[in-house]
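Notes follow the structure.
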Amino acid sequence: MNRQSLLGIVQGHAGLTVDPQETAVHVRVDRDDLSILFTVPYDVPEMYFEGQQKSTGKKIEDWLDYYGDEAESDFEADLRRFLNALQDCPLRVGADGRRIQYFRETWQHFFG
């Protein structure tokens, strides 16, 4: 997704800090017991996710990339879902300690 289209999707979410860089956009959220950095490169259907639990210092990282005929539409749908979750949903480190989860009717995880 090109820079202009990507910025059009990520900007305007309350509680999220959007920081456009040269090759990617960084989206940050700092709430509950978590600090989260979500990095989305321009022109490549990939996302990177870094989280840190403030109380323990535990770091969690993951990524997601897309292939095939539906890559662009799947990427955009997931991006919108993740941004909305970062903005609106309760967040926690999952019981396995390897994933950050958000609550929307049930606990769900980013990636993985």
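Quick notes on this one:
- Single residue of the range 5-29 satisfying the filter (in contact (Cβ under 8 Å) with a residue 12 or more places away in the chain and in a strand (DSSP E or B)) that is nearest to L86 (Cα to Cα): V29
- Those residues of the range 44-57 which are farther than 16 Å from V29 by Cβ and either of a type in the set (F, W, Y) or surrounded by fewer than 13 Cβ atoms within 10 Å (Cβ to Cβ) (or both), in sequence order: S55, T56, G57
- Only one of the numbered conditions (1) of a type in the set (D, E); (2) without any contact (Cβ under 8 Å) to a residue 24 or more places away in the chain; (3) touching a Leu at 6+ places or on another chain (Cβ under 9 Å) is not met by D78, and that is (2).
- For the range 91-112, filtering for residues that are touching a residue at least 40 places away in the same chain (Cβ under 8 Å), part of a strand (DSSP E or B) and not hydrophobic (A, V, I, L, M, F, W, C) leaves 1.
- Residue within the range 67-90 that is modelled with pLDDT of 90 or more, part of a strand (DSSP E or B) and acidic (D, E) present: no
The values are calculated or read from the model by the stated rules, or taken from the named source; none is laboratory data. Owing to the predicted nature of the structure, the values given are computational and were not obtained by experimental measurement. As a convention, Cβ positions derive from the backbone with ideal geometry for all residues, glycine included, and neighbour counts pool all protein chains shown.
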